[in-house]
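Inspection log for the structure reproduced underneath, given as structure tokens.
The values are calculated or read from the model by the stated rules, or taken from the named source; none is laboratory data. As the structure is a computational prediction, the values presented were derived from the model and not from experiment. We place every Cβ from the backbone using ideal geometry, glycine too, and count neighbours over all the protein chains shown. For the accessible areas, the whole protein counts, side chains as well, though only heavy atoms, and no ligand, DNA or RNA atoms are used. Shrake-Rupley method; radii C 1.70, N 1.55, O 1.52, S 1.80 Å.
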Amino acid sequence: MASIAQSPIGTTTEKINKPFSATTISLPLVSIISEKLIKPSSPTPPTKRWHKLSLIDQAFSNSYIPFSLFYTKQQLDAISKNNNPTQISHLLEESLSKILSTYYPYAGRLKDNTVVDCNDTGAEFIEVQISCPISQTLNWHNSAVEDLLFPQGLPWSNSADRGLVVVQLSYFSCGGIAISMCISHKTGDGCSGYNLFRDWSEITSDPNFSKPSLHYVEQSIFPPLSSGPFLSPLFMSNKHDCVQRKYIFSNEKLLNLKNKVAAESEVQNPTRTEVVSALIFKRAVAAAKANLGFFQPSSMVQAVDLRAQIGLPPNAIGNLLTICPTSIITEQSMTISKLVSEIRKSKELAYNKDNINDNIFVALLLELANSKQEYHDNGPNAYQITSLVKFALHEIDFGWGKPTKVSIANGLNNKLAILMGNQSGGLDAFVTLSEQDMSVFERDPELLEFASLVPSC
């Protein structure tokens, strides 16, 4: 990235000022205002220069987990009438610089598949102007505008030549903004990424906020194999034929769904994540059957955060997880109540394991390594459902209040659902399927009995 100026807070600035238009005429124009590298406010000591990647870290490609938060002009003006782009960007750059001194691996670069060089190169920070009002995004999902809130092609991509954190600050023509962050999966899981996003917002809203003390796990829990590390990733994203839709489950509908499951199953206290996961899985498999003409045995794979189970604090940084697979062989077993029961059994099995020495996910990695295969998805009939419900992305406050909207970019693979809490106490589900399966799924009456589809354009 070219360098033409150095600011007091350690940013390298390149002004491009070249408007570019997206491929479709209906898309708004986007002007790149600047591209910068935000360095940590204090240098990383030599003793922390090399961040060693665990066995699970090594298995993931450098794919980017992509979130965006939306703040209206009314929110910005409620705090200060002087929130012009220069002040907003300076505020965010300065606070990002401060938080990177604690999250120092994210300001480094991958040396190879085994180690991060914590050389303080910096996080990427991009500013763009979008020639449309924020209102064109608030009541829509997966719109042409939302695709422009991230650097082109970066979300979920298997990139090895970018920073480990890439931020884009987008200014809408009405004065509203979107803050998007792409966070490398190589150095941490969803919990690690959420902690970074949240702590950045807290130090932005309160300059006296005490920088967090983090626990970098590195190779202490899941060391590389004695025979040697993974020299290349095993898990790669596959963004081909991915169509995403957003569904909103209101608090009332969630209660109805939970009551239905409790009345029909042995699980008397089903969680909202369990019931929504079961419903989405059931109807996605039904959509695939409608297109294939026959039922296929299928499985659902859910990631489980291991921090509490293995005695690590919430601020532990790394990929600290296992998986809970739920397999269904017969179509008769595809009822929501039976699925919730199987999900609960799978979770209990995982929680009762010694997940350091007997980790299902690690066992899968070793199997893949021995077969010398890459894992581009979860298998031909496997659906990945990831719950981020316990991570309050909808409450991240940079000083302008909670975001009006939270979104996540399309991609990763076409059998995916990501669940998040929302402002109304309900749940948002971002579902990604193939175009053919989505054409059936999005019209499914059983799904729409409990969920509202957000219009897409």
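Once the dipole of the chain is set up with Lys and Arg at +1 and Asp and Glu at -1 on Cβ about the Cα centre, which of Phe230, Ile126, Asn62 lies farthest towards its positive end?
Ile126
Which whole-number percentage describes the relative contact order of the chain, with Cα contacts under 8 Å and a sequence gap of 6 or more? Walk me through the numbers before you get to the answer.
Working: 974 pairs, mean separation 95.3, N = 457.
That works out to 21 percent.
For a quick protection proxy, order the peptides 185-195, 236-246 by their average other-Cβ count within 10 Å, most packed first. List each step's numbers first, then the result.
Numbers: 185-195: 23.7, 236-246: 17.9.
In descending order of packing, they fall as 185-195, 236-246.
Please compute the net charge surrounding Ser265, taking Lys and Arg as +1 and Asp and Glu as -1 over other residues with Cβ under 14 Å from its Cβ.
For residues surrounding Ser265, the net value is +2.
Sequence neighbours fewer than 8 away in the same chain don't count; with that in mind, list the aspartates and glutamates whose C-alpha is under 17 Å from Lys36.
Glu14, Glu93, Glu94, Asp120, Glu124, Glu127, Asp161
Using the per-residue mean of other Cβ atoms lying within 10 Å as a proxy for protection, in what order, highest first, do the peptides 311-321, 50-60, 209-219, 121-131 fall? Show your work: numbers first, answer last.
Details: 311-321: 18.7, 50-60: 23.2, 209-219: 15.5, 121-131: 21.1.
The most tightly packed comes first, giving 50-60, 121-131, 311-321, 209-219.
Rg/Rh for the stretch 255-373 to two decimals, with Rh computed the Kirkwood way over all alpha-carbon pairs. Could you put the intermediate results ahead of the total?
Details: Rg = 16.3 Å, Rh = 16.0 Å.
Dividing the radius of gyration by the Kirkwood radius yields 1.02.
On a full-extension model of 0.36 nm per residue, what is the gain between Gln332 and Lys52, subtracting their alpha-carbon distance, rounded to one decimal in nm?
Contour length minus the Cα-Cα distance gives 96.1 nm.
Just going by the charge dipole of the chain, with Lys and Arg at +1 and Asp and Glu at -1 on Cβ, which of Ala290, Ser170, Gln87 is farthest out on the positive end?
The one lying farthest along the dipole's positive direction is Gln87.
Could you sort 357-365, 326-334 so that the peptide with the highest average Cβ count within 10 Å comes first and the rest follow in order?
The most tightly packed comes first, giving 357-365, 326-334.
Residue by residue through the stretch 295-311, which ³J(HN,Hα) values in whole Hz follow from phi under the Karplus form 6.51 cos²θ - 1.76 cosθ + 1.60 (θ = phi - 60°), with glycine and proline marked x?
Karplus values, whole Hz, x for Gly and Pro: 7, 10, x, 9, 9, 10, 10, 10, 7, 10, 6, 9, 3, 5, 5, 10, x.
Please compute, over every Cα-Cα pair in the stretch 242-454, the percentage with a separation greater than 23 angstrom.
Of all Cα-Cα pairs in the stretch 242-454, 49 percent lie more than 23 Å apart.
About the Cα centre of the stretch 258-297, how large is the charge dipole given +1 on each Lys and Arg Cβ and -1 on each Asp and Glu Cβ? Please answer in debye to the nearest 20.
180 debye
Which of the lysines could a cross-linker bridge to Lys345, judged by Cα under 29 Å and excluding same-chain residues fewer than eight apart?
Lys246, Lys253, Lys258, Lys260, Lys282, Lys289, Lys353, Lys390, Lys415
Go ahead and estimate [θ] at 222 nm for the chain from helices alone: -39,500 (n - 2.57) per DSSP H run with n ≥ 4, summed, over the residue count, rounded to 500.
Counting only the DSSP helices, I get -8000 deg cm²/dmol.
Distance in nm between label sites at Asn238 and Ser131, each 7 Å beyond Cα in the beta-carbon direction?
Calculated label separation equals 3.9 nm.
Going toward the positive end of the dipole of the stretch 30-221, with +1 on Lys and Arg Cβ and -1 on Asp and Glu Cβ, which of Pro151, Phe209, Ser34 do you reach last?
Phe209
Skipping prolines and chain starts, which residues have an amide H placed within reach, meaning under 5 Å, of the one on Ser298, given they are 5 or more residues away or on another chain?
Ile328
Quote to one decimal, in nm, the extra length available between Asn381 and Gln87 on full extension: 0.36 nm per residue of separation minus the C-alpha distance between them.
100.9 nm
Please state the charge dipole magnitude for the stretch 30-221, taken about the Cα centre, from unit charges on C-beta atoms (+1 on K and R, -1 on D and E), reported in debye and rounded to the nearest 20.
280 debye
Ignoring ligands, DNA and RNA, what percent of the 1.4 Å accessible area of the stretch 242-454 is carbon and sulfur?
Whole-percent figure for carbon plus sulfur exposure: 50.
Taking the Cα centre of the stretch 242-454 as origin, sum charge times position over the Cβ atoms of Lys and Arg (+1) and Asp and Glu (-1), and report the length of that vector in debye to the nearest 20.
That gives a dipole near 240 debye.
Using only the alpha carbons of the chain, determine the length spanned along each of the three principal axes and report them from longest to shortest in whole angstroms.
65, 53, 39
Leaving out ligands, DNA and RNA, what percent of the accessible area of the stretch 30-221 is carbon and sulfur, probe 1.4 Å?
49 percent
Taking 0.36 nm per residue of separation and subtracting the Cα-Cα distance, what length does fully extending Tyr351 through Leu292 add?
So the chain would gain 17.6 nm between Tyr351 and Leu292.
Which residues in the stretch 276-315 place their backbone N less than 12 Å from a point set 7 Å from the Cα of His215 along the Cα-to-Cβ direction?
The answer is 306-315.
Nearest 5 is fine: what % of DSSP beta bridges in the chain come out antiparallel, could you say?
75 percent
Give me the accessible area per residue for the chain, probe 1.4 Å, as a whole number in Å².
Averaged over the residues of the chain, the accessible area is 41 Å².
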